């Protein structure tokens with residue numbers, strides 16, 4: 001049975017990915033520092049092939065001990081990942097994402113040099129936000145990087161760390177730049193779950209600016225499928241975009257959710273835009289699609305219905321994870 005190490009496996013994508021891969025007959029180890037926005041372990045699929053280790057990957061001794069058990073594949077997801085929180089605490093946010101990645105890859109480098117571990121396949125998860133706002137056309141893997149927020153800048157820096165460990169130290173790394181994900185287990189500070197949960201409570205929904213900012217939305221299960229294909233058919237020293245090609249304005253997203261939930265548009269509150277808010281993200285994902293014969297199984301209409309149904313059914317998760325969440329607005333400069 002092949003062994004996979006996932007960093008940040010208690011976050012939104014990580015939780016979904018672990019549940020997905022446990023059904024594919026892998027042995028999974030999850031290293032996560034765990035915070036108030038993490039999904040509690042009781043919501044993971046119960047399996048003898050799963051192990052959770054609670055610590056920050058910046059802890060050199062602990063991550064070294066884990067790595068010494070040898071893994072076929074490493075999926076590096078660990079990161080602070082909310083733009084609004086990065087605006088509130090840019091220095092702390094940036095330092096956390098960059099220092100942890102640097103320590104992680106350098107520990108792998110040292111263990112390989114000392115021949116204490118075998119060379120693992122490493123999948124580094126990044127974001128389409130590193131491209132910044134795209135006025136027209138699509139961002140491909142060779143497009144210019146232009147980060148607009150502390151979060152996206154930290155992800156771009158994290159990518160640069162991965163790339164020099166690829167080029168200088170011959171680590172086997174593939175970087176995935178993934179578009180906006182949504183689906184089960186997403187913490188309610190994010191746009192889609194915040195909207196859904198506020199509808200359930202009959203509250204007004206905040207919408208930045210005029211609501212015309214455009215994002216490319218990808219259902220998280222399709223992201224898990226894409227990562228799974230790369231695990232099975234690994235290609236090193238590559239960068240791949242992964243998106244749905246479905247671009248919707250924030251207002252379009254709200255209209256879709258309201259229509260399903262039969263909620264009136266009068267409940268939308270247009271609020272002051274956040275600083276540095278990128279207007280449009282749009283990915284060219286043809287390289288990944290052609291290389292791995294992949295395409296999303298869920299369009300936005302299908303994915304958002306599944307997401308709303310999941311939040312309706314999973315009151316225990318919602319009650320558990322929102323105990324220390326006051327639904328206040330972040331990212332106001």
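The values are calculated or read from the model by the stated rules, or taken from the named source; none is laboratory data. Owing to the predicted nature of the structure, the values given are computational and were not obtained by experimental measurement. Heads up, the Cβs are rebuilt from the backbone with ideal geometry, glycines too, and the neighbour counts pull from every protein chain shown.
Inspect the stretch 274-288 for any residue being surrounded by fewer than 14 Cβ atoms within 10 Å (Cβ to Cβ), at pLDDT below 95 and over 22 Å from residue 176 (Cα atoms) and give the result as yes or no. So far as the stretch 274-288 goes, yes, one or more of its residues are surrounded by fewer than 14 Cβ atoms within 10 Å (Cβ to Cβ), at pLDDT below 95 and over 22 Å from residue 176 (Cα atoms). For residue 152, the criteria (1) at pLDDT below 95; (2) assigned to a strand (DSSP E or B); (3) closer than 23 Å to residue 245 by Cβ hold in every case but one, which is (2). Among helices (runs of 4 or more DSSP H) entirely within the stretch 285-324, having at least 3 residues that are farther than 17 Å from residue 42 by Cβ and touching a residue at least 40 places away in the same chain (Cβ under 8 Å) singles out 286-292, 300-313.
Report yes if residue 164 is closer than 30 Å to residue 313 by Cα and not in a strand (DSSP E or B), otherwise no. In short, no. Between 206, 184, which is within 29 Å of residue 315 (Cβ to Cβ) and modelled with pLDDT of 95 or more? Unique residue meeting the criteria: 184.
Under the condition of being in a helix (DSSP H, G or I) and touching a residue at least 12 places away in the same chain (Cβ under 8 Å), the residues counted in the stretch 227-244 number 5.
If a residue must be out of contact with any strand residue (DSSP E or B) (no Cβ under 9 Å at 6 or more places or on another chain), surrounded by 16 or more Cβ atoms within 10 Å (Cβ to Cβ) and part of a loop (DSSP other than H, G, I, E, B), how many such residues does the stretch 33-57 contain? So the count comes out to 2. Of the residues making up the stretch 257-279, none is under 16 Å from residue 223 (Cβ atoms) and in contact with a strand residue (DSSP E or B) (Cβ under 6 Å, 6 or more places away or on another chain). Checking 135, 157 one by one, the residue that is part of a loop (DSSP other than H, G, I, E, B) and more than 14 Å from the chain's Cα centre (by Cα) is 135 and no other. Residues that are under 20 Å from the mean Cα position of the chain (by Cα) and modelled with pLDDT of 90 or more within the stretch 303-333 comprise 303, 304, 306, 307, 308, 310, 311, 317, 318, listed in sequence order. Of all residues in the stretch 13-29, those satisfying the criterion of being touching a strand residue (DSSP E or B) at 6+ places or on another chain (Cβ under 7 Å), crowded, with 21+ Cβ neighbours inside 10 Å and in a helix (DSSP H, G or I) are 13, 14, 17, 18, 21. So how many residues does the stretch 69-82 have that are within 21 Å of the chain's Cα centre (by Cα) and outside any strand (DSSP E or B)? Number satisfying all stated conditions: 6.
Number of residues in the stretch 254-284 that are touching a residue at least 60 places away in the same chain (Cβ under 8 Å) and either under 24 Å from residue 136 (Cα atoms) or in a helix (DSSP H, G or I) (or both) equals 15.
The numbered conditions (1) modelled with pLDDT under 95; (2) buried (at least 23 other Cβ atoms within 10 Å of the Cβ); (3) outside any helix (DSSP H, G or I) are all true for residue 124 except (1). Tallying residues that are exposed (fewer than 14 other Cβ atoms within 10 Å of the Cβ) and either in contact (Cβ under 8 Å) with a residue 12 or more places away in the chain or under 28 Å from residue 317 (Cβ atoms) (or both) within the stretch 58-69 yields 3.
Does the stretch 186-196 hold any residues that are under 13 Å from the mean Cα position of the chain (by Cα) and farther than 16 Å from residue 217 by Cα, and which are they? Result: 187, single match. Of all residues in the stretch 200-223, exactly one satisfies the criterion of being farther than 21 Å from residue 130 by Cβ, crowded, with 16+ Cβ neighbours inside 10 Å and out of contact with any strand residue (DSSP E or B) (no Cβ under 7 Å at 6 or more places or on another chain), namely 221. Of all residues in the stretch 167-190, those being out of contact with any helix residue (DSSP H, G or I) (no Cβ under 7 Å at 6 or more places or on another chain) and either buried (at least 23 other Cβ atoms within 10 Å of the Cβ) or assigned to a helix (DSSP H, G or I) (or both) number 1. Within the stretch 58-68, being in a loop (DSSP other than H, G, I, E, B) and at pLDDT 95 or above holds for one residue alone: 68. Being within 24 Å of the chain's Cα centre (by Cα), more than 26 Å from residue 288 (Cα to Cα) and part of a helix (DSSP H, G or I) holds for only one residue in 107, 101, and it is 107.
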